[in-house]
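Every number here is computed from the coordinates shown, using simple stated rules; none is lab data. Computed from a predicted model, the values in this text were never measured in an experiment. Glycine gets a Cβ as well: all are built from the backbone with ideal geometry, and neighbour counts include every protein chain shown.
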């Protein structure tokens, strides 16, 4: 091959490589940017006076005098709303029976929406659920609720060849010509006075527990549960994986049984994670009875089995990559085989082993299917360390899925879902950065 042709090919392959890296980086930005932007909304957002009241009354945080003053000013702005509704409910007693029936149903729906926006009416009994004791705590959700008050949403399905067309009808039309007609422009014009939005940094989102099924509060039980499951899996997987890798490289002969064992390890790495979850339920819980039902211990062992093939194969390659001269030098100085492995081979292979461990930790932290049947619950309190042997725990992967698919008010808690996603992605990224830093430091130390 001519030198000029070789140069052209080298530049072409280099350009293709850089192009591929650029495409991958752009794909990551496209996928991760919305997660980061929406996820930050759980930490930094416009909070209403209802949020500050919630923090003060439920968690004892905030300036009591300042919050009380804000609540008083907001109540003054809200009073005309309550007065108009009360006055209209009195007026409809003078209407005909048909009109009373129509207006009472309409005003009942309106009252329900106003309660969701501003909280209970003055003088009403305190509801049991926290979500009903306070109005909208976030300004974005308050604006969505105001739109529900101002407009009645319906769909037109008259054309069978098309999807339903959304139609928004001003709710004021149902009260046109009555004293309640003035309510709707008042709410639209005085919304900020009634709710007093203010930019808030809620950094305790990571360390607060959830309140009222994640309507309020933070994600600390999920974060702690993820740490328990991840590090618990590593406690079981790392020793077994490294010992198995040492045996396969340093002691095992190349027999058909060892070849079959290596094939089985490779096959396990490709088994769907849901299969490991069912295996953990059937074997660890129902057969070995490591716990009476779901527990962090059972989930950790299941995750350990899931990541074990990765630890074994990566550790095996790292040990095999150690130059043969290292072994020969140690043996020539009189070191035994096991002493050579412990003092020479394993330290030299440590960067590769650390990488396999942290990559496995990232996978264990993000798995959902294996913990569905063995460890995860939707809502729970943070566990003490000694409770992990017998109690289940919330975890970020499972709760992200659960809140996005099964929560009764999924649109109300989108910020919680994206906050969990952001936390999980950052956690996995930190684990990978840790792997890179540790590998670099250990490699530098080994080079002297």
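Odds and ends about this structure:
- For the chain, the longest principal axis of the alpha carbon atoms and the long axis of helix 3-40 meet at an angle near 40°.
- Relative contact order, percent, region 248-346 [alpha-carbon distance under 8 Å, six or more residues apart]: 26 percent
- Antiparallel beta bridges, as assigned by DSSP with both residues in the chain, represent about 95 percent of the total such bridges.
- Segments 274-285, 95-106 sorted - mean Cβ within 10 Å per residue, highest first: 274-285, 95-106
- Over region 360-417, relative contact order from alpha-carbon pairs under 8 Å, at least 6 apart, %: 32 percent
- Region 20-74 - Debye-derived log10 I(q)/I(0), Cα point model, q = 0.14, 0.23, 0.29 Å⁻¹: -0.55, -0.87, -1.05
- What the Kirkwood sum gives for region 220-447 is a hydrodynamic radius of 19.0 Å, with every pair of different alpha carbons counted.
- Compared with the dominant Cα axis of the chain, that is its longest principal axis, helix 256-268 is turned about 20°.
- R0 of 41 Å, Cβ-Cβ distance residue 129-residue 161: FRET efficiency to nearest 0.05: 0.40
- In the chain, Cα pairs under 8 Å separated by at least six residues give a relative contact order of 18 percent.
- Per residue, the convex hull spanned by the Cα atoms of region 53-200 amounts to 156 cubic angstrom.
- Angle in degrees between helix 49-59 and the longest Cα principal axis of the chain, rounded to the nearest 10: 60 degrees
- Tail weight of P(r) past 34 Å, computed on alpha-carbon pairs of the chain, percent: 54 percent
- Helix-derived mean residue ellipticity, 222 nm - over the chain, DSSP H n ≥ 4, -39500 (n - 2.57), to 500: -20500 deg cm²/dmol
- For the pair residue 338 and residue 204, the difference between a 0.36 nm per residue extended length and the Cα-Cα distance amounts to 43.3 nm.
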